[in-house]
Amino acid sequence: MTFGQLPYDVAHLLGGAMLLLSFVLLYQRRVTAVIHAFAMQGALLALAAAWQAHVQGAPQLYLTALTALVAKAVLIPLALRVLVRRLDLHRTVETAMGIGPSMIAGVALVALAILVVLPITAGVRAIAREDLALALSVVLLGMLMMITRRNAILQVVGLMSLENGLILAAVGVAGMPLVVELSTAALVLVAFVVAGVFVFQIRERFDSVDIGFLETHRGERR
């Protein structure tokens, strides 16, 4: 299956769109805009999983697609919007690295993902090889977002985007057990709940969700 064939082209269009939205997440400075972009990425993940279910003839992947649609495109963005309203975070947030350097670092990470994945998957189907390269790129950009954002909620979004890349990789590999995909999603949903509690604790203690305040008050006792 190569370029010019419909299954290949659609799979890479969806994976490429998810990667583009990872760059959008890095570019945005307002919390609400980041949440909107994350919801769109979740919807694209659901479409990618559904398409792989069709291409691979794997009905269990439709369950993965439904889970991604409900959790990533609807429930988690709604929960994040509730957090934003309760914490009054509609303003521009500070970053540990400027937008320009972040984008340059993102491009470098995508190049690294391609250089790592393509040589070690030389004998694999083209659609799987390049899906894995796109998925690893999304994972690395999610990690970059977690590192370069000082706002705790945006770091949570980076974690969720990273997990989107993991699921994209899982659905792109034929024969991946459904339990692996669902356990990964469950693990990150638990992490999301823990991160939400963490955000509220920061807000209660410092009246802000900027993690820079943690450095200022390191070693203090309540």
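Rule-based calculations on the coordinates, nothing more; no lab input. Quantities reported herein were computed from a predicted structural model and do not represent experimental measurements. Cβ atoms come from the backbone with ideal geometry, glycine included; neighbour counts cover every protein chain shown.
I'd like to compare 26-36, 77-87: which one has the highest average count of other Cβ atoms within 10 Å, and what's the full order after that?
26-36, 77-87
Note the full-extension length gain between A96 and A111 as 0.36 nm times their separation in residues minus their Cα-Cα distance, in nm to one decimal.
That pair, A96 and A111, stretches by 3.1 nm at full extension.
Using the Kirkwood radius over C-alpha pairs as Rh, can you work out the diffusion coefficient of the range 1-112 via Stokes-Einstein at 10 °C, viscosity 1.306 mPa s, in µm² per second?
Roughly 101 µm²/s, to the nearest whole number.
Points 7 angstrom from Cα along the Cβ direction at M146 and R85: gap in nanometres?
Modelled inter-label distance: 2.9 nm.
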